[in-house]
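Quick notes on the structure that follows.
The values are calculated or read from the model by the stated rules, or taken from the named source; none is laboratory data. Everything numeric in this text was worked out from a predicted model, so none of it was measured. Cβ placement follows ideal geometry from the backbone for every residue including glycine, while neighbour counts extend to all protein chains displayed.
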Amino acid sequence: MKLKLSSSFRRYCVPREGRHPTKDRTRILDRLFEHRFRSIDRSQSTIRGVGWTDTEGLVPADPKRWEPFVGSILAVGLRIDERRIPAGALRVRRLESERAERFSVKSELAPARRRELREAIEQDLLGRCVPGTQVSLFLWNLETSEILLASTSESANASMRGLFRDTFECTPQVLTKVAIAQRVGREEWVQRIEAMAPAGYV
Amino acid sequence: MGAEDRGDGPRGLRVKIGRIEASFDEAAHPVADERRSTTETTLGREFLLWLWYRFETAGGVHEIEGFGKVSVALDSILELSSDAEPGRILLRGDAPTRRPEAAASLRSGRLPRCARLLVAHGPDTLEVTLDADRFDLCSVRVVADAAEPEGGERNFSLEERCGRLFDLSAIIDRLFERFLGERLGKSFDEKLLPEIRSWIFSREAPARRRAAGAS
């Protein structure tokens, strides 16, 4: 029988050097709540909002009732809300606006004025856009200091790193091949990897 | 404009004011550095080649500390590329490793850049498409050999999902550690490299025969 589970993950580890985030669950919860997702629906000038939620993307009302731990694993959602102007909307409105102004002033528009018009339209459209919402599962194994983010999008990953840094004052490190060699405690391997040449298999 | 609008709060906001766009949530991006590192890129591809070689010559069974016997097979997706050769070869469908194109690509110096792996561990089979360049775990799927509960398909609990995901991640790390041990070992140039080279050229012949038989 097949059981469903299909997602893509980028892997991280919390570096051993430097500031290491707390493993105290109460403090983790407090910090998550402090950096919880805040809606941008009513703030028209805010284009993007990033914050922690539960795994469904909902913002917990009370940190005391929030239970994001599954054994030694912290399982929360990374919610990103972002306003985007629909494709083509800006261009056509800009052309309309330029045409109307040309008609009224009866001359060609200066580049600076065109830019002003464009910016004003952009601001207006962004303010009227409903933000798109993206929720990615974020798993942090507190025992192994490993993190899995259920998104391979560069933008979502950059947002997660920034939010994690703001929340825990530490930037998680992408688990690259060299980072894995470091994690398994083979420092001499790291030097040899950096010095090695690709093998000629043919 | 308030503090939130300027984005100087701790919540990671990006604000666009006119033509100026400011980001406050973008951390330094180590993946970009990795992309520049040819050695790291090649190492990931060599790792997939090693898994492929072990799969075809030793059944893909690996004894992994903490997990016991884990078998790794290459499944329905195989992408091969080379920095020296233009273009990428993408093979999809049943047994892509047995296709003549796969053999020809290996022989032309291409290495696997991406492969669908079946990782069998205990009663579970974990499916993952491993991106050799970034080491992302893509399209992860778990097929469990569990008895079907009454009423149809059972869903994994979050705890089960988390456990299996971190298991998969740890298995990939251990396999990579084992590969590194062999790749960086003293006997690589004298033993493993000639063996893999010989395997690449020996598998060309049956593939050609199969292709000739099919036509």
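Data overview
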| quantity | calculated |
| --- | --- |
| Selection count, segment B:100-124, where residues are surrounded by fewer than 21 Cβ atoms within 10 Å (Cβ to Cβ) and in contact with a Ser or Thr (Cβ under 9 Å, 6 or more places away or on another chain) | 6 |
| Only one of A:Thr46, A:Thr22 that is more than 20 Å from A:Pro131 (Cβ to Cβ), outside any helix (DSSP H, G or I) and of a type in the set (Val, Ile, Thr) | A:Thr22 |
| Candidates B:Glu182, B:Glu148 - the one that is among the acidic types (Asp, Glu) and either modelled with pLDDT of 90 or more or crowded, with 17+ Cβ neighbours inside 10 Å (or both) | B:Glu182 |
| Residue match in segment A:73-80 (condition: β-branched (Val, Ile, Thr), within 18 Å of A:Cys129 (Cβ to Cβ), modelled with pLDDT of 90 or more and buried (at least 20 other Cβ atoms within 10 Å of the Cβ)) | yes |
| So A:Gly51, is it closer than 15 Å to A:Leu139 by Cβ, modelled with pLDDT of 90 or more and crowded, with 16+ Cβ neighbours inside 10 Å | no |
| Count of residues meeting criterion [surrounded by 11 or more Cβ atoms within 10 Å (Cβ to Cβ), of a type outside the set (D, E, K, R), in contact (Cβ under 8 Å) with a residue 12 or more places away in the chain and outside any strand (DSSP E or B)] in segment B:58-99 | 6 |
| Residues that are assigned to a helix (DSSP H, G or I), among the basic types (Lys, Arg) and modelled with pLDDT under 90, drawn from segment B:185-215 | B:Arg208, B:Arg209, B:Arg210 |
| Set A:Thr176, A:Thr133: member being in contact with an Asp or Glu (Cβ under 6 Å, 6 or more places away or on another chain) and modelled with pLDDT of 90 or more | A:Thr133 |
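Yes/no per residue for (1) hydrophobic (A, V, I, L, M, F, W, C); (2) within 15 Å of A:Arg48 (Cβ to Cβ):
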site	(1), (2)
A:Arg99	no, no
A:Ser107	no, no
A:Leu117	yes, no
A:Ile147	yes, no
A:Gly162	no, yes
A:Arg165	no, no
A:Arg183	no, no
